[in-house]
Structure formats: structure tokens, C-alpha cells
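Single-structure report; data block below.
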Amino acid sequence: MSTDVTDVRARPEPIKAVPVRHPGRWVSIAVLAVLIAMFVHVLLTNSAFHWRFLKESMFRPPVVDGLLRGTLLMTLCAMVVGVALGAVIAVMRLSDNPILRSVAWAYTWFFRSVPRLVLLTICGNLGILWSRVEFGVPFDTQLGKLFGISALHLRIGGFTSRDVFTGFFAGLLGLALSEAAYMAEIVRAGIQSVDPGQGEAAEALGLTRGQTLRRIILPQAMRVIVPPTGNETMAMLKDTSLLIAVPVTYELFFQLDAIGHKKFDPFPMYVAACLWYLVLSSLLLVGQYFIERHFSRGYGQQARARMRLRGLAAEQGGGGEGIAT
Amino acid sequence: MVRAENVHKSFGHLEVLKGIDLEVRHGEVCCVIGPSGSGKSTFLRCINHLEKINAGRIWVDGDLIGYRERGGKLHEMQAKEVAAQRRSIGMVFQRFNLFPHMTVLENVMEAPLRVRRESKAQVRERAIELLDRVGLANKVDTYPGQCSGGQQQRVAIARALAMRPKLMLFDEPTSALDPELVGEVLDVMKNLAADGMTMVVVTHEIGFAREVGDSLIFMDGGVVVEAGAPRDVIANPQHERTQAFLAKVL
């Protein structure tokens with residue numbers, strides 16, 4: 001385009017220098033190759049793996065059912081509830097209202113302090129505390145006594161604990177409540193990472209607090225929120241193996257473990273569990289990549305690289321558009 | 001259009017504004033100059049209630065800002081009412097504060113769409129018209145991160161204008177810009193002033209104040225040290241502090 005100015009001096013020869021050697025890399029490749037060879041050797045020659053048995057068991061109906069219902073569906077449900085509840089708690093935590101703030105703090109304090117295994121056990125045994133749960137006016141019988149009415153019941157409905165606080169729902173309750181506490185901290189960090197000028201600009205335009213949060217702050221906070229949420233999802237996927245504490249038996253690891261013990265050959269089943277969890281985690285990674293890409297609109301390497309290119313083009317007096325594509 | 005009476009503002013024990021009075025008439029451009037830390041930005045932020053004042057009163061277009069007077073008692077306004085008041089007051093920030101996750105066009109369309117709830121086609125048409133007016137019709141679909149500082153600030157001006165404000169507040173709009181880019185933003189502001197917009201401009205651009213301003217106030221240490229017609233104050237400052245400041249910046 002505008003090379004006539006720079007053409008005054010002849011262009012010097014391109015530099016042909018001997019590159020820096022990296023002997024360390026070759027050494028590490030050699031060490032790694034030996035280690036991999038040893039590992040493969042064990043896989044192939046150690047007869048305890050029982051590969052055929054492993055492969056057959058991995059796709060047995062109860063295992064696949066446990067994988068779909070106990071592991072995948074539970075992870076999905078617990079994360080959806082956990083993220084939604086966590087976002088609400090994070091907003092409460094950052095609110096001007098001191099009561100909401102303390103409630104949110106107490107919630108995260110409690111549910112981050114109790115181990116998931118313990119929490120799941122409690123959720124599975126809530127029936128001991130209440131054999132029947134009913135909804136209505138609180139303290140109705142006590143109020144009734146106060147006014148001389150015996151056995152006053154102002155209830156609109158209820159359920160028997162044994163029908164609800166067992167199995168899937170009890171597991172979901174424990175995992176989701178625990179997850180919400182961690183997600184609340186992640187969302188809070190995300191919201192606080194957004195430049196306060198963004199909120200001011202939105203408020204100066206007349207947007208309400210809610211609109212500012214939903215339209216301006218949260219979309220930008222997502223960039224910070226998504227990566228640790230990916231971590232949380234992966235942790236949740238693995239923590240579904242704790243569901244046995246509820247107990248929930250249609251779950252991947254429990255089923256594989258059961259087969260292993262029934263056939264007096266547990267080790268191949270542990271390997272099978274590893275393989276399943278590896279596959280599922282890898283799928284999650286792919287999903288996270290696309291979500292991260294979506295929320296980095298207007299930021300990130302791509303935008304910055306394009307900007308640099310434009311800047312360079314402008315400096316050289318060329319049309320930016322021609323190069324930036 | 002803007003009337004401030006004896007405005008006081010403290011951050012904790014630090015008193016930033018110690019009794020500011022100001023009167024800006026309809027269509028007037030008022031420039032505020034002064035050293036950093038003099039309270040000029042804080043005062044500007046008080047006008048649209050981004051900062052709560054501790055004493056005094058501010059009216060914009062006859063409406064008391066941030067409070068309602070009932071039976072001789074002041075009542076704090078709800079957040080929603082404050083938001084409603086801000087709709088007619090545009091603000092431009094030193095650091096632009098464009099929304100980085102939205103394109104230039106979406107930035108300008110956001111407030112009219114969400115706050116005024118106008119039809120999308122109408123808002124879009126007007127947003128493009130405004131971007132054309134600030135010379136950025138070709139940047140509509142880019143993200144703020146891909147624009148230069150001067151371009152971003154012009155988008156910010158268009159974004160504020162999209163709400164059809166009665167008053168525009170500028171908080172050092174050119175201070176974060178490369179010297180080369182200052183001119184393009186000032187040109188947009190000059191055109192805006194020529195169209196009759198009422199403006200309060202906190203600035204270090206003495207040339208702009210002299211050329212475009214109808215009035216000028218010089219602030220230092222939280223008080224208005226000197227006020228008057230820009231030409232008079234700049235050419236012939238009465239107060240010692242003003243003289244010293246102008247001698248350094250001119």
C-alpha cells in the first residue's frame with residue numbers, strides 16, 4: 001500500500017541464527033518415554049486387569065442406569081439448583097440490607113463447614129426427625145392452646161418423610177444445598193471483580209438496580225464465574241459417588257463396586273469407574289470451552305490481537321480493514 | 001436548570017465539599033476547573049445523586065435531587081425514584097465506562113430499550129443517527145475494546161444522549177485520552193453546546209472553557225474560589241489561588 005516511503009533503504013538479509021539448544025527437553029522426553037512404556041507394559045501383561053470382564057461390566061444395564069440417573073442427572077440437577085440458589089445468596093450477601101447479608105453469611109458458613117458425606121447422611125435420615133412434614137400456619141397447635149382450642153390444625157397439606165426424604169430427592173437436597181454455598185462465594189467474587197464504574201454508568205443512565213445487575217454486572221461477572229463453576233461441576237460429578245450415604249444405589253460407582261464384590265474381582269471395576277469418570281469429565285471440559293468463549297465477547301486474546309493489528313496497520317499508514325481480516 | 005445551594009459532602013472525616021453554590025441556566029455551558037482533589041468531580045457526581053450530599057440542596061429543572069420535601073421534612077427517595085430522576089441527566093465519565101460485553105450500537109440502545117421501553121426499531125434508528133452525529137456510523141457493530149479512547153468517549157456521549165437528557169454532566173471527559181484524540185471529543189462537545197444542550201463540564205481543557213463555556217467556576221479545597229465569565233476569569237483572575245493555578249496550566 002504505502003511501501004514507497006520505506007523502500008528508500010534496501011531491506012537487509014533475514015537473520016539466520018543458530019537457535020538455542022534445549023538438551024533438557026530431550027532428557028525429559030526420554031524419561032517420560034520409559035515411564036509410559038512401563039505403564040503400558042503393566043496394562044498389557046498384568047493379568048489382574050481382566051480387560052474382557054471390565055469391558056463387559058462397564059456397559060451392563062444397572063451400571064449404565066446408575067451412570068445416567070445417579071451420576072449425570074444428579075450432577076445436572078444439583079448444579080442447576082446450586083447455581084441458582086448460590087446466585088441469590090451472593091446477591092443477598094452484597095445487598096445493602098444487613099439482615100439479608102447476615103442470613104447469606106450464616107448460610108455459607110454452615111454449608112461450607114459440614115462435609116458432604118455427613119450432610120448427605122443427614123438428608124437421608126431426616127425421617128427420624130419428622131415422620132411427616134406439613135405446611136400451614138407455624139406454631140398452630142401452640143397458638144390454639146393459648147386461645148383454649150385443643151389440637152388446632154391450620155395445615156394445607158404435607159407429605160410423609162419416607163416418600164420424599166429418601167433416594168434421589170434427599171441426595172439432591174444435600175448436594176444442591178452444599179453446592180449453593182460454594183457457588184455463592186464464586187458468584188460474589190465474580191460480581192466484585194466487575195469495575196465499579198460499570199454500575200455507576202448504568203445507574204447514571206437510569207437503569208434500576210435489578211436491571212444493572214442482570215444486564216450489566218452479571219454478564220461481565222460470568223467471565224470470572226464460569227471457570228471455577230466448571231471446577232465445581234467436575235467436583236460434583238465425582239461427589240455423586242458419595243450418594244451411597246443417603247443411600248442412593250442407582251449410582252455409577254456403587255453399581256461397579258457391587259459387581260466387583262459379587263464376582264470377587266473388584267480391581268477391574270475400579271478401573272472401569274476411572275474410565276467412566278474420565279470420559280464424563282472430558283465431555284464437561286468441551287462444554288466449558290464453549291461457555292467460556294461465549295462470555296468472553298468483547299474481551300480476551302482475540303479482541304486484543306485484532307486491536308494490535310489495527311494499531312499496527314494505522315501506524316504504517318495502511319488501511320486497517322485490509323489487514324485485520 | 002441546575003441550582004445548588006450550600007452543598008456539603010464528607011467521606012468519613014474528610015470534608016470534600018464545603019458549601020458549593022452554583023446556578024446554570026437553560027442552554028448554558030458551565031465549566032468547572034481546579035486542581036485534583038478540589039472536589040469538582042465529587043460535586044458533579046452529587047448532581048445526579050451518585051454521591052449523597054450531607055447538607056444543602058440541589059435542584060435540576062426545578063426538582064430536588066435525591067429527596068422529597070414533605071411537611072418541612074426531607075424524605076430520602078426510593079432507588080426507583082432516583083433512577084427516574086437520572087433519566088433526564090446524561091453523564092460522561094473520565095474512564096468512558098462503556099459496557100464491554102455489548103457492541104457500540106447495543107451500548108447506545110440499552111438504556112432507551114430497558115428504561116424507556118421504546119420500540120426496538122425506533123431506538124435502533126435513533127442510535128444509529130446519534131452515532132453518525134458523533135462520527136462513528138461505521139463502528140456500529142464493533143465492541144468498545146476494539147475502539148480507540150477517543151472513539152469510546154464519543155460512543156459514551158452518544159449513549160448518554162440516547163436518553164434525551166435535559167442536562168449533560170462531563171467528568172473530565174478528555175483526561176484519559178492520548179493528546180492526539182482530545183480534539184475529536186471536544187469537537188463533539190462543541191457541537192452539542194452549539195445545539196443548545198445545558199452542560200456542566202469538569203475539565204482541564206482551559207481552551208475549551210474559554211471558547212465554549214458560558215460560565216466558569218474555579219474550585220479548590222472544596223469551595224468555589226472564583227466564578228464568572230470564562231474570558232474574564234482566565235484572562236484576569238482576581239484570586240491569588242486562581243492566578244497560581246492558571247499560571248501552571250496555561
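On full extension, the segment bounded by residue A:153 and residue A:77 gains 23.9 nm, given 0.36 nm per residue less the C-alpha separation. Modelled spin-label separation between residue A:55 and residue A:162, with each label point placed 7 Å from Cα along the Cα-to-Cβ direction: 4.6 nm. For region A:106-194, the Cβ-based charge dipole about the Cα centre amounts to some 100 debye (Lys, Arg positive; Asp, Glu negative; other atoms uncharged).
Most mobile of A:49, A:135, A:169 per a Gaussian network model of chain A (Cα springs, under 10 Å)? Comparing A:49, A:135, A:169 in a Gaussian network model of chain A, the most mobile one is A:135. Other residues lying with their Cβ under 15 Å from the Cβ of residue A:79 contribute a combined charge of -1, Lys and Arg counting +1, Asp and Glu -1. For residue A:238, the lysines whose Cα comes closer than 28 Å to its Cα, not counting residues fewer than 8 places off in the same chain, are A:55, A:262, A:263.
Between A:120, A:207, A:237, the Gaussian network model of chain A with springs among Cα atoms under 10 angstrom shows the greatest mean-square fluctuation at A:207. Across chain A, Cα pairs under 8 Å and at least six residues apart give a relative contact order of 24 percent. Partners of residue B:18 within straight-line reach, counting lysines whose Cα lies under 21 Å from its Cα and excluding those fewer than 8 residues away in the same chain: B:9, B:40, B:52. When the charge dipole of the protein assembly as shown is built from unit charges on Cβ atoms (+1 for Lys and Arg, -1 for Asp and Glu) and taken about the Cα centre, the candidate among A:79, A:285, A:272 whose Cα reaches farthest toward its positive end is A:272. Between residue B:61 and residue B:190, full extension at 0.36 nm per residue minus the direct alpha carbon distance yields a gain of 44.2 nm.
Per residue of B:98-110, other chain Cβ atoms within 10 Å of the residue Cβ number 4 on average. For the residue pairs B:139/B:166; B:166/B:190; B:190/B:248, the C-alpha atoms sit more than 18 angstrom apart in B:139/B:166; B:190/B:248. Charged side chains reduced to their Cβ positions (Lys and Arg at +1, Asp and Glu at -1) give chain B a dipole of some 880 debye around its Cα centre.
Dividing the mean sequence gap of close Cα pairs (under 8 Å, 6+ apart) by how many residues chain B holds gives a relative contact order of 27 percent.
The DSSP beta bridges internal to the protein assembly as shown are antiparallel in roughly 65% of cases. Mean separation of Cα pairs under 8 Å and 6 or more residues apart, divided by the residue count, gives region A:67-174 a relative contact order of 28 percent.
Counted as membrane-span-like here are DSSP H helices of chain A whose alpha-carbon atoms extend 18 Å or more along the helix's own axis and whose Kyte-Doolittle mean is -1.0 or above; these are A:23-45, A:74-93, A:98-113, A:167-193, A:218-239, A:266-295, A:300-315. Using only the Cα atoms of the protein assembly as shown, build the gyration tensor, take square roots of its eigenvalues as a ≥ b ≥ c, and label the shape rounded, prolate or oblate: rounded if a/c is under 1.5, else prolate if a/b is larger than b/c, else oblate. It comes out oblate by the Cα gyration axes. Once you've got the GNM for chain A with C-alpha springs shorter than 10 Å, pick whichever of A:94, A:72, A:119 has the biggest mean-square fluctuation. Comparing A:94, A:72, A:119 in a Gaussian network model of chain A, the most mobile one is A:94.
Note on region B:77-234: antiparallel DSSP beta bridges, both residues inside, total approximately 35 percent of the bridges counted.
Rounded to the nearest 20 debye, the dipole magnitude of region B:11-112 is 200 debye, with +1 charges on Lys and Arg beta carbons, -1 on Asp and Glu beta carbons, and the Cα centre as origin.
Shape analysis of region B:1-100 places it in the rounded category; the axes a ≥ b ≥ c from the Cα gyration tensor give an a/c below 1.5.
Read-outs: derived from the displayed coordinates by stated rules, not from any lab. This is a predicted model, so every value here is computed, not measured. Note that each Cβ is placed from the backbone with ideal geometry, even for glycine, and that neighbours are counted across all protein chains shown.
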